[in-house]
Amino acid sequence: MKKMTGYYPWMVVALLCVVGCLNYLDRMMITTMRSSILEAIPMTDAQFGLLTSVFLWIYGLLSPLAGFLADRFSRSKVIIVSLFVWSAVTWLTSHATTFEELLLTRALMGISEACYIPAALALIVDYHKGNTRSLATGIHMGGIMLGQSLGFIGGWMAEEHSWNFAFSIFGIIGICYSVVLLFTLRDAKPAAEGHGAAAQPAASFSAAMANLFRSRAYFMALLFWSLLGVAGWMVVAWLPTYYKEHFSISQSMAGVYATGYFHTASLAGVLLGGFLADYWSRTNPRGRILVPMLGLLIAAPAIFMASGTGSLYVAVVCFMIYALTRSFSDANMMPILCLITDARYRATGYGVLNMFSAIVGGIGIYAGGALRDVQINLGSVFRVAALILLVCAVVLFIIRNIKTTEK
């Protein structure tokens, strides 16, 4: 066992990268097969938006409790059970025949997936601290971006076979991988994080909430992550439709541009953002805050330009720049929490952030569909997202000026 201590922290990251990939692939591929689903199950654009919104609302509402479970009990077991259940629900989705059944499976997926991200990121920072923390979380987020970039597979499989074929395949893959994790994934020992969550389990959910909300910095982090969720989900959920309709291209090609190109740039962004933050934090503890702030100041004008151009090439490049620099925030959100929260409540704190981000993000997605129903174009929706990103950068600047201590 001693021989494993050197590389096992990175093995944990690698194992969880696969889970993160499946997590986002399962939830996102529905956005790339809109036309195929509507042919089989007629619904309005608002109803189609609701499929993702309901997932996000339920996912968000349960995230604080899910995070507390990871702080209070075994992080690895929470991860394994979550993967097994949401994979079973993914397989069940392939058998839906009505809008109501599809909506129900999306709700069930929201319940099961809520437990994963807080537990995974908390487990990673249990094993990684100091100069590897942002890069380790960034690599894991890279697995998530890979899952998003592969989302076009859903649209391709829908055109080649049927809309439910992909859900059946990836549901079975996830169930099998949960068995692999049962024999390979374990919690960090207390020594891996001298005063961290592994050493001192969270006392109670109410104590965790009280501890978190006593912090002004945490309030600002909550505002930041919520606004970022609005902008991020508005873009991700409707980008395939924007490409297809604005540039008159096929569903498959729209899916490639909106997931393959976009999330490949996001993958590069979380790796670059993690590396830069770790490097900068060696000389400036607030480097983990400054890197995402600068990234957003680049992302906002990029998405504004992408929303108004008539050139497919310019739009693809600008959306990729947005994806690259906006992802600096994804690599550093948990490390930022490590600066401003008690180590015992990291997963709970991230769960609360997820709750607000998912709820307001879901509202943004549904609003986008409702606006389309009244003939308001998606370019206008994306320009609002650009403005929100600038506000997020200001909030990070405020957090930067609040006294923080690495924990």
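Of the peptides 287-295, 322-330, 172-180, the order by per-residue mean of other Cβ atoms within 10 Å, starting with the highest, comes out as 322-330, 287-295, 172-180.
The fewest-to-most ranking of Arg186, Arg286, Arg344 by surrounding Cβ atoms within 10 Å reads Arg186, Arg286, Arg344. Within the same chain, aspartates and glutamates fewer than 8 places from Lys189 are excluded, and of the rest, those with a Cα less than 13 Å from its Cα are Asp126. Normalised by the number of residues in the chain, the mean separation of alpha-carbon contacts (under 8 Å, six or more apart) gives a relative contact order of 28 percent.
Exposure proxy check: Glu39, Glu113 ranked by fewest other beta carbons within 10 Å? Intermediate values should be presented prior to the final figure.
Numbers: Glu39 12, Glu113 25.
Fewest-to-most Cβ neighbours within 10 Å comes out as Glu39, Glu113.
Which residues does a label at Phe247 reach in the range 320-356, if reach means a backbone N under 17 Å from a point 7 Å past the Cα toward the Cβ? Zone members listed by number: 320-324. When peptides 333-339, 45-51, 157-163 are ranked by their average number of other Cβ atoms within 10 Å per residue, the highest-first order is 333-339, 45-51, 157-163. Each part reduced to its alpha carbon centroid, the range 84-107 and the range 212-268 end up 23 Å apart.
Relative protection proxy for 78-90, 206-218, 240-252, 270-282, from highest mean packing down: 78-90, 270-282, 240-252, 206-218 (other beta-carbon atoms within 10 angstrom). Across the range 105-121, rounded Karplus estimates of 3J(HN,Hα) from the backbone phi angles (6.51 cos²θ - 1.76 cosθ + 1.60, θ = phi - 60°) give 5, 5, 5, 5, 5, x, 5, 6, 6, 4, 7, 7, 4, x, 5, 5, 5 Hz, Gly and Pro being marked x. Here Ile399, Ile30, Ile117, Ile41 are placed in order of increasing Cβ neighbour count within 10 Å, fewest first, which gives Ile41, Ile399, Ile30, Ile117. Let me know the shape class of the range 1-69, please: from the alpha-carbon gyration tensor, a ≥ b ≥ c as square roots of the eigenvalues, rounded when a/c is under 1.5, otherwise prolate if a/b is greater than b/c, or oblate. Verdict is oblate for the range 1-69. Work out the charge dipole of the range 2-400 with +1 on the Cβ of Lys and Arg and -1 on the Cβ of Asp and Glu about the Cα centre, then indicate which of Trp156, Gly142, Thr97 is farthest towards its positive end. Positive-end residue among those listed: Gly142.
Quick note: the coordinates plus some simple rules give every number you see, no bench work behind them. Quick caveat, the model's predicted, so the values are computed rather than measured. Neighbour counts run over all protein chains shown; Cβ positions are idealised from the backbone, glycine included.
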